[in-house]
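Shown next, in structure tokens, is the structure this report addresses.
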Amino acid sequence: MRCGTALPCPDVIEIRPGSGADRPAIARVRRESWFAAYEGIIAAPVIDRVTAASADATAPPSYSRTLVAVVGEQPAVVGYAAFGPERGVVSASLSPPPPPGGQHLASPATAPGTPATSSHTPVGVTAPDPLTPAGRAGSVGELYALYVTPAWWSTGAGRALMGSVLSALGGDGYRRVILWVLADNARARRFYERAGFAADGATNILTGLGGVLEVRYTQDL
């Protein structure tokens, strides 16, 4: 049963920096979110492989920051966001953005993340320089991932995480922020649009996830 429908929700959702101790909870949130959000978009065996515990064993790189959403008297992690400077996507191309699919609903606070099978430089994988020049210069930031566990969808946790990410990036001096979202993730796309993002025409095929299409969204800070 979902908080926000038949169950009451706590009034306070706290956003704080994530730590190494939060990694198991973050991995759990990510796995639960992928299965709930990407049903009908990404094959279940692929989700199982990508979100396996071993896939989250590596610490994130130094340039990535993490925020977690916690609730309860004994605070439990119900969501997280990872962000930092813009990373390069070698296979991205520019074209008119496709319309969101009308049938695939996902968490309103879900980005596709950075699985090792993506053409993104995955969080936790060392590369000579995974960042774009604009990212390296500190002018363009990126929301790498934002997930909320399904039991906490539509409770304000996603909005709180998003607001904190944008505030942090703006405070760090970034002038623009981008994110990648699955083209068929209609609910997430609506969420990002309500948060001030717009598709800019860039697309990318995630071959390691079965050839699904992602689109880039951007917002000036």
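What follows draws every value from the coordinates through simple rules; no lab data is involved. None of these values were measured; they are calculated from a predicted model. Quick reminder, even Gly has a Cβ in these numbers, built from the backbone with ideal geometry, and neighbours come from all protein chains shown.
Explain nothing, just the number: relative contact order of the stretch 134-221, from Cα pairs under 8 Å at least 6 residues apart, as a whole percent.
Working: 110 pairs, mean separation 26.9, N = 88.
Once divided by the residue count of the stretch 134-221, the mean separation gives 31 percent.
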Would you mind computing, in nm to one decimal, how far apart the modelled labels at Glu39 and Ala52 are, each placed 7 Å from Cα along Cα→Cβ? 2.4 nm
Tyr63/Ala151 FRET efficiency (R0 45 Å; Cβ-Cβ; nearest 0.05): 0.90
Furthest towards positive pole of dipole, Tyr174, Leu209, Phe191, structure part the stretch 161-221, Cβ charges: Phe191
Under the Karplus relation 6.51 cos²θ - 1.76 cosθ + 1.60, θ = phi - 60°, what is the ordered set of whole-Hz ³J(HN,Hα) values for the stretch 39-48, x standing for Gly and Pro? 4, x, 10, 10, 4, 4, x, 5, 4, 4
Expressed in nm to one decimal, what extension gain is obtained for the pair Ser167 and Asp220 from 0.36 nm per residue of sequence separation less their Cα-Cα distance? 17.9 nm
